[in-house]
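Notes for the one structure printed next.
The values are calculated or read from the model by the stated rules, or taken from the named source; none is laboratory data. Just so we're clear, the structure is a prediction, and the values are computed from it rather than from any experiment. With ideal geometry, Cβ positions are generated from the backbone for all residues, glycine too; neighbour counts draw on all protein chains shown.
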Amino acid sequence: MNPTRMLRIAAASAVLLLAGCASSHILTGTPRPPIDPAQVRVYYGSPGVPYEEVALLETSSGAFTYGEQNKADSVMRKLREEAASLGANGILFQGTADGYGGGGVSIGAGTGRFGGRSYTSGGVGVNISPRQKHGRGVAIHLANPPPEHAPPPVAEQPLD
């Protein structure tokens, strides 16, 4: 195989590998200039102040991230980075889910005949990549975010 062809195959493989680690979004509002991901806060419920929805976010932990905490950290980091790239200063976290797959072992064998000679071969393939964790959220922009350590908003109780 010539070197140019090998380089093309390697480049195509790298693109496919990196595409599996990418985050994505669907715009539902108006993006703003990018901000630092450290400024993006994650909300597990309503932030208690008005906000504007910017985009729906999706990401995954990556093909070679091991350990549940590392996977969760990777998902949260990528959600923050994606939201920050859209100028959103908050994320309404929608949850995570485990992906399909995981490690496995495959065994194969083959025979053939060419030019009066018989050939036999075999192989073993091992997949050591863990299951990915996928995360979803809604990128939001809050004009007046609540203080960092504000108590959660109190739900109104109906009068009897």
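Every condition in (1) under 30 Å from ARG32 (Cβ atoms); (2) in contact with a Cys (Cβ under 9 Å, 6 or more places away or on another chain); (3) not charged (D, E, K, R) holds for ALA63 except the one numbered (1).
Out of everything in region 52-64 that is part of a strand (DSSP E or B) and of a type in the set (A, V, I, L, M), what residue ends up being nearest to HIS141 (Cα to Cα)?
VAL54
Hey, could you check region 47-64 for residues that are touching a strand residue (DSSP E or B) at 6+ places or on another chain (Cβ under 9 Å) and among the hydrophobic types (A, V, I, L, M, F, W, C) and say which is surrounded by the fewest Cβ atoms within 10 Å (Cβ to Cβ)? Ranking the candidates gives LEU56 first. Regarding GLY95, is this residue more than 19 Å from ARG32 (Cα to Cα), not in a loop (DSSP other than H, G, I, E, B) and not β-branched (Val, Ile, Thr)? Considered against the rule, which asks whether it is more than 19 Å from ARG32 (Cα to Cα), not in a loop (DSSP other than H, G, I, E, B) and not β-branched (Val, Ile, Thr), GLY95 comes out as yes. Scanning region 108-160 for residues that are assigned to a strand (DSSP E or B), at pLDDT 75 or above and surrounded by 11 or more Cβ atoms within 10 Å (Cβ to Cβ) gives LYS133, HIS134, GLY135, ARG136, GLY137, VAL138, ALA139, ILE140, HIS141. Scanning region 65-85 for residues that are closer than 20 Å to VAL138 by Cβ, crowded, with 21+ Cβ neighbours inside 10 Å and touching a Lys or Arg at 6+ places or on another chain (Cβ under 7 Å) yields a single hit, VAL75.
Restricting VAL105, VAL49 to residues that are among the hydrophobic types (A, V, I, L, M, F, W, C), within 28 Å of PRO145 (Cα to Cα) and either at pLDDT 75 or above or not in a helix (DSSP H, G or I) (or both) narrows the list to VAL49.
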